[in-house]
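Single-structure report; data block below.
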Amino acid sequence: MEIRSRRLRSSQLLRKMTRETRLSADSLIYPFFVREGQGVIEELPSLPGQVRYSPDTLSKGVEEALENGVSNFILFGLPGPEKKDAMGTGAWIEDGVVQQALQELRRSFGDQIYLLTDVCLCEYTDHGHCGLIEDGKVQNDSTLPLIAKTALSHAQAGCDMVAPSGMMDRTVAALREALDAGGYPDIPIMSYAAKYASAYYGPFRDAAGSTPQFGDRKTYQMDYHNQKEALKRIQLDVNEGADLLIVKPAIAYLDIIAKAAERFELPIAAYQVSGEYAIIKAAAAAGLIDERAVVNESAVAIYRAGAEILISYFAKELAQAIQKGDIG
Ligand code: PBG
Ligand code: ZN
């Protein structure tokens, strides 16, 4: 007898019934860039199809996302160049861009949306690094109180969850302590636990104006040769009280996602970063690939590897594809 496996291919309904990987729009997070000013909606040349909003126009972006079925967002703040300083003061001031945006969105949408904030200094420092600089080096320990202050100010302005992305040691413990002491014990921490020093962040840094003015981020972000190091750093964040874990970038790090999902009892979020987005956009614009098909295939691969949450600039398109039944 010849053995064939034809049944799983015989009908579309059966193929959908037996899918091993399920996606839901509920697990998608869409990133927003908020800059200073009023009435601003401007294209981001490095991220075609993505825009920068000012706090007062951001609700347009939210409405559009809600129409597509996406209700989770992560905010990145882009202060004007004249607002940047050595300490990144703009990150925690009461009328900072992210703080304004949070208040505005809370007023307009209440609990209809879930708001995360990226907590880091690099968009606010004039040197573009994620921490304080002394003797030409990023200082881990003196940076912690500033990131903690930033997280607390986001909580006070109305965020639902904070996501520290600076890769300083003991960040999660410092944030947990500050949030608890400040009266926000219920705000969870989604830690960028395994964040690699990656060339895939290029378009984001152009968009955010956060390219380091000297050196690189290799002293605090991870070396892409290493897998065990990532698991060790994730373990530290788990011990410090992280509630969710991010692996970043996504497509080139599926092994890390898979290992982390196997080993840790916390939800794993993958961040499909700006370079991953830009590659797909550019290849599609050149007529070399089918954009939708590649977007779908990439997202399913990330979930198949073990991610339960996906942060992606394609969140709206993915929600549509799920809705149509193309994936999920
Ligand atoms: C800030 C931060 C970065 C990204 C998210 N948070 C940039 C960096 O580390 O240089 C990258 C996101 C993307 O590329 O889409 N620390
Ligand atoms: Zn940073």
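Applying a threshold of 6 Å to beta carbon distances and a minimum spacing of six or more residues, or different chains, the list of pairs starting in region 151-168 at a residue that is away from ligand 2 (no atom under 14 Å from the Cβ) and ending at one that is part of a loop (DSSP other than H, G, I, E, B) reads 152/182; 153/92; 155/184; 155/187; 161/188. Can you find a residue in region 87-108 that is closer than 20 Å to residue 211 by Cβ and surrounded by fewer than 24 Cβ atoms within 10 Å (Cβ to Cβ)? The answer is yes, given that some residue of region 87-108 is closer than 20 Å to residue 211 by Cβ and surrounded by fewer than 24 Cβ atoms within 10 Å (Cβ to Cβ). In region 117-132, the residues that are closer than 14 Å to residue 165 by Cα reach residues that are among the polar types (S, T, N, Q) and within 9 Å of ligand 2 (Cβ to nearest atom) with C-beta atoms within less than 7 angstrom, at least six apart or across chains, in these pairs: 118/165; 119/165; 120/165; 122/210; 123/210; 128/210.
Please go through region 188-206 and give me each residue that is crowded, with 21+ Cβ neighbours inside 10 Å and among the aliphatic types (A, V, I, L, M), ordered by number. Spell out how you get there, then give the answer.
First, pick out the residues of region 188-206 that are crowded, with 21+ Cβ neighbours inside 10 Å: 189-196, 200-201, 203-204.
Those that are crowded, with 21+ Cβ neighbours inside 10 Å and among the aliphatic types (A, V, I, L, M): 189, 190, 193, 194.
Filtering region 7-46 to residues that are within 21 Å of residue 104 (Cβ to Cβ), in a loop (DSSP other than H, G, I, E, B) and in contact (Cβ under 8 Å) with a residue 60 or more places away in the chain leaves 36, 44. For residue 245, the criteria (1) within 19 Å of the chain's Cα centre (by Cα); (2) over 17 Å from residue 164 (Cα atoms) hold in every case but one, which is (2).
Here the condition is being closer than 23 Å to residue 117 by Cβ and either within 16 Å of ligand 2 (Cβ to nearest atom) or buried (at least 24 other Cβ atoms within 10 Å of the Cβ) (or both); of 267, 249, it holds for 249 alone.
Is it true that some residue in region 29-50 is within 16 Å of ligand 2 (Cβ to nearest atom), touching a Lys or Arg at 6+ places or on another chain (Cβ under 8 Å) and at pLDDT below 95? For region 29-50, residues within 16 Å of ligand 2 (Cβ to nearest atom), touching a Lys or Arg at 6+ places or on another chain (Cβ under 8 Å) and at pLDDT below 95: absent. Is there a residue being out of contact with any helix residue (DSSP H, G or I) (no Cβ under 9 Å at 6 or more places or on another chain), among the charged types (D, E, K, R) and more than 22 Å from residue 162 (Cα to Cα) anywhere in region 259-271? So far as region 259-271 goes, yes, one or more of its residues are out of contact with any helix residue (DSSP H, G or I) (no Cβ under 9 Å at 6 or more places or on another chain), among the charged types (D, E, K, R) and more than 22 Å from residue 162 (Cα to Cα).
Against the definition (more than 15 Å from ligand 1 (Cβ to nearest atom), in contact with a Pro (Cβ under 8 Å, 6 or more places away or on another chain) and closer than 22 Å to residue 114 by Cβ), how does residue 237 come out, yes or no?
On the way: more than 15 Å from ligand 1 (Cβ to nearest atom): yes; in contact with a Pro (Cβ under 8 Å, 6 or more places away or on another chain): no; closer than 22 Å to residue 114 by Cβ: yes.
Answer is no for this residue.
Would you check which residues across region 131-160 are crowded, with 21+ Cβ neighbours inside 10 Å, within 20 Å of the chain's Cα centre (by Cα) and not in a helix (DSSP H, G or I) and list them? If the condition is that a residue be crowded, with 21+ Cβ neighbours inside 10 Å, within 20 Å of the chain's Cα centre (by Cα) and not in a helix (DSSP H, G or I), then 131, 159 are the ones that fit. The requirement of being away from ligand 1 (no atom under 15 Å from the Cβ), modelled with pLDDT of 95 or more and not in a helix (DSSP H, G or I) is satisfied by residue 265.
Could you pull out the residue among 193, 178, 207, 174 that is outside any helix (DSSP H, G or I) and within 24 Å of residue 88 (Cα to Cα)?
Numbers: 178 fails: outside any helix (DSSP H, G or I); 207 fails: outside any helix (DSSP H, G or I); 174 fails: outside any helix (DSSP H, G or I).
Unique residue meeting the criteria: 193.
Within region 211-249, how many residues turn out to be small (Gly, Ala, Ser) and without any contact (Cβ under 8 Å) to a residue 12 or more places away in the chain? Before the answer, list the steps.
Our first condition is that a residue be small (Gly, Ala, Ser); within region 211-249, this holds for 215, 230, 241-242.
Then drop every residue that is not without any contact (Cβ under 8 Å) to a residue 12 or more places away in the chain, which leaves none.
Result for region 211-249: 0.
Listed conditions (1) part of a helix (DSSP H, G or I); (2) under 16 Å from residue 22 (Cα atoms); (3) within 16 Å of ligand 1 (Cβ to nearest atom) are all met by residue 310, apart from (1). With respect to being surrounded by fewer than 24 Cβ atoms within 10 Å (Cβ to Cβ) and under 17 Å from the mean Cα position of the chain (by Cα), residue 113 fits the description. Residue 320 meets all of the listed conditions (1) more than 17 Å from the chain's Cα centre (by Cα); (2) under 21 Å from residue 207 (Cβ atoms); (3) not aliphatic (A, V, I, L, M) but one, namely (2).
Only one of the numbered conditions (1) within 15 Å of ligand 2 (Cβ to nearest atom); (2) out of contact with any Leu (no Cβ under 8 Å at 6 or more places or on another chain); (3) of a type outside the set (Asp, Glu); (4) at pLDDT below 95 is violated by residue 175, and that is (4).
Scanning region 118-143 for residues that are touching a Gly at 6+ places or on another chain (Cβ under 9 Å) and among the hydrophobic types (A, V, I, L, M, F, W, C) yields 119, 120, 121, 122, 130, 132, 138.
Which residue is surrounded by the most Cβ atoms within 10 Å (Cβ to Cβ), if the candidates are limited to region 270-304 and must be among the aromatic types (Phe, Trp, Tyr) and in a helix (DSSP H, G or I)? Spell out how you get there, then give the answer.
Applying the first criterion (among the aromatic types (Phe, Trp, Tyr)) to region 270-304 yields 271, 277, 303.
Subsequent filtering for residues that are in a helix (DSSP H, G or I) retains 277, 303.
On the way: 277: 24, 303: 21.
Among those residues, the one meeting the criterion is 277.
The values are calculated or read from the model by the stated rules, or taken from the named source; none is laboratory data. All values reported here derive from a predicted model rather than from experimental measurement. Methodologically, a virtual Cβ is constructed for each residue, glycine included, from the backbone with ideal geometry; neighbour enumeration extends over all protein chains shown.
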